[in-house]
Amino acid sequence: MKRTLRFQRKYLCIPYVIFLILFIIIPILLIIFYAFTNKQGFFSFDAMIDFFSTPTKISILLNSLFIAVQTTILCLVIGYPVAYFLANKKYNKNGVLITLFIMPMWINFVLRTGATRDLLTWLGVNGGNAPYFATLVGMVYNYLPFTILPLYTAMLKLDKSQIEAASDLGARPVQVFTRNILPQSLPGIISAATMVFMPTISSYVISDTMSEGKITLFGSSIYISFSNNQWNTGSFLALIMLIIIFISMLVTHKFSNEEDTVRGGTW
Amino acid sequence: MVKKIFANIYIYLILLLMYLPVLLLIVFSFTESANVGNWTGFSWNLYPRLFQDQEIMSALGNTLIIALVSSVVSVVLGTLGAIGTFYLKRRNKRIVEGITNIPVVNAEIVMALSLTVMFVFMGTYIFRKSIFSFYTLLIGHVCLSLPFVYLSVKPKLQQMDPNLYEAAMDLGCTPKRALAKVVIPQIIPGVISGFLLAITLSLDDFIITAFLRGPGLLSGYKSIETLSTLVQAKIKKGPIPPEMRALTTLIFLLILTGVAVTTIYRNQKAKKIKTHSMKRIRYGKF
């Protein structure tokens, strides 16, 4: 009897799981290991102390968070009306327009970033005279399609009759928007925000190209530490990045859960 | 009425702004000046120059090879992984899905660096030489796209009728045969969309490539250059090289054709279904 060796469907996931352990889990554990050891390989908090006692490193982090917040807000403000109009059949026949909005995503993003920078240089704005503005423009250009898509899907799910009911019951257009449309589209806003926020902090190419190397974001500082062979420092920075990601995941998760319970409560 | 005009103006204005950088490159691909904004007369010359440019052509070749190979590997691993995980016990399933989500939310730079650290570690302590090559690059790209293949196959498995597999077994199929004949055909749309997603992710990637590449492929003894790394190296020094403007035009045309074909195909299909169901209603065949 060869019963022990019999094929089972669940065995198919073995190569997948092995791959994940080898190339996802172990590398992250290594990063954590390096973050809390020194050059000799002994346990130490050197990297952590170094980070918190160097003002430039902390200011890079704060600066990145600030740029990320600005990019997220700009993308949402520009993208929200676009998504709202596109979800309406009157403007977006056969869904062609939404495809046009997503299409730039398929052009190589380094090429696109270079094109944006060349356009700005042509218009007289460049990393030389306005590195901050140029970086912001580059970020918004790159992440706008990523904002529009989740917002658009959220807008398609809007409950039209609820909006009509609100205006029938005497709500002014502004009230209809703030009390009804905005809360209804909140999950879309949250997912759009996370699509922009995290990549902005960790981006390297966009800030480096647009500001011509003048602005260093958190992602670039990780890159630089590793290029200079400061593995322990770099690993600690990467660990901070992981923690930021984890926190933002928790926030997203909480919001999407709350949304469900609110919905469940009203029905 | 006012609202409609406003909405249309807004939509097309944003659309124009979004396409402006690319349009600029396209317009200036028909002149030979060194940078955009400087028109030196109409000419087609950039196009033949593009195809004679060894550097760009080999980078393009490398990019396509990596995208194809990594997507095929991702699709095979990810599809099998999704099927296998689907039949795991609930607790194990949750663990595997939790791990699958890590690369989805993880920053690309952290993923690239953690893999680099591991490969350097392996290179110094196990292999005693640098192990960066096409294979390390391949592993990086597979890490990038694998979870997305998994996530696009999973919903198809959930929609599947579980009785069909059992029926195939009852009718005398071996489990492997039942899997190939019953399960795989039902999840194929998810597999295809996972494959396409994997290709786009790989084509667009810069950071993982920059960190994990080694010598190989069309670059020979030099480090593998993909389109992303080549463009990045060029734009660090100056404006986008003229030949790349021609390349952008060609890429744009390719995407435009692809989008047009799929849109027309989809609309025709929708129309066909519509007329078909109309006929059925007319003949009372419901």
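Only the coordinates and a few stated rules stand behind these numbers; no lab work does. A quick note: this is a predicted structure, and the numbers were derived from the prediction, not measured. We place every Cβ from the backbone using ideal geometry, glycine too, and count neighbours over all the protein chains shown.
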Worksheet item: Which of the residues spanning region A:197-225 are at negative phi, facing chain B (nearest Cβ under 9 Å) and out of contact with any Ser or Thr (no Cβ under 7 Å at 6 or more places or on another chain)?
Response: A:199, A:202, A:203, A:222, A:223
Discussion item. Which of the numbered conditions does residue B:78 fail, given that it passes all the others? Conditions: (1) touching a helix residue (DSSP H, G or I) at 6+ places or on another chain (Cβ under 9 Å); (2) over 30 Å from residue B:194 (Cβ atoms).
Written reply: (2)
Practice prompt. Working only within region A:95-116, note down all residues that are part of a helix (DSSP H, G or I), under 21 Å from residue B:232 (Cα atoms) and at the interface with chain B (Cβ under 7 Å from one of its Cβ atoms).
Written response: A:104, A:106, A:109, A:110, A:111, A:112, A:114, A:115, A:116
Discussion item. If a residue must be within 9 Å of chain A (Cβ to nearest Cβ), crowded, with 17+ Cβ neighbours inside 10 Å, aliphatic (A, V, I, L, M) and not in a loop (DSSP other than H, G, I, E, B), how many such residues does region B:66-101 contain?
Written reply: 5
Worksheet entry | Leading residue by the ranking (surrounded by the fewest Cβ atoms within 10 Å (Cβ to Cβ)) among those in region B:22-58 that are touching a residue at least 24 places away in the same chain (Cβ under 8 Å) and outside any helix (DSSP H, G or I) | B:34
Worksheet item: Can residue A:114 be described as in contact (Cβ under 8 Å) with a residue 60 or more places away in the chain and touching a Ser or Thr at 6+ places or on another chain (Cβ under 8 Å)?
Response: yes
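Suppose we keep only residues that are closer than 17 Å to residue B:25 by Cβ and not hydrophobic (A, V, I, L, M, F, W, C) within region A:106-125. Which one would you say is surrounded by the fewest Cβ atoms within 10 Å (Cβ to Cβ)? Lay out the reasoning, then the answer.
Just the residues of region A:106-125 that are closer than 17 Å to residue B:25 by Cβ, to begin with: A:106-123.
Still in the running and not hydrophobic (A, V, I, L, M, F, W, C): A:108, A:112-114, A:116-118, A:121.
Values: A:108: 21, A:112: 24, A:113: 27, A:114: 27, A:116: 24, A:117: 26, A:118: 23, A:121: 18.
For region A:106-125, the residue satisfying everything is A:121.
Being closer than 27 Å to residue A:197 by Cβ, away from chain B (no Cβ under 14 Å), under 25 Å from the mean Cα position of the chain (by Cα) and assigned to a helix (DSSP H, G or I), is that true of even one residue in region A:7-26?
Within region A:7-26, the first condition is being closer than 27 Å to residue A:197 by Cβ, and the residues that meet it are A:20, A:23-25.
From what is left, the residues that are away from chain B (no Cβ under 14 Å) are none.
No, the conditions are met nowhere in region A:7-26.
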Worksheet item: Filter region A:83-94 for residues that are assigned to a helix (DSSP H, G or I) and at the interface with chain B (Cβ under 8 Å from one of its Cβ atoms); which is farthest from residue B:263 (Cα to Cα)?
Response: A:85
Discussion item. I'd like to know if region A:47-66 contains one or more residues that are farther than 30 Å from residue A:181 by Cα, without any contact (Cβ under 8 Å) to a residue 12 or more places away in the chain, part of a loop (DSSP other than H, G, I, E, B) and aromatic (Phe, Trp, Tyr).
Written reply: no
Worksheet item: Restricting attention to region A:196-227, which residues are farther than 25 Å from residue A:39 by Cα and among the aromatic types (Phe, Trp, Tyr)?
Response: A:197, A:204
Discussion item. Can you tell me which condition residue A:150 does not meet? The list is (1) touching a residue at least 60 places away in the same chain (Cβ under 8 Å); (2) under 23 Å from residue A:187 (Cα atoms); (3) in a helix (DSSP H, G or I), and all the others hold.
Written reply: (1)
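Of A:138, A:170, which residue is outside any helix (DSSP H, G or I) and over 24 Å from residue A:89 (Cβ atoms)?
Working: A:138 fails: outside any helix (DSSP H, G or I).
Of A:138, A:170, the one residue that is outside any helix (DSSP H, G or I) and over 24 Å from residue A:89 (Cβ atoms) is A:170.
Does residue B:213 meet the test of being in contact with a strand residue (DSSP E or B) (Cβ under 8 Å, 6 or more places away or on another chain), basic (Lys, Arg) and more than 9 Å from chain A (Cβ to nearest Cβ)?
yes
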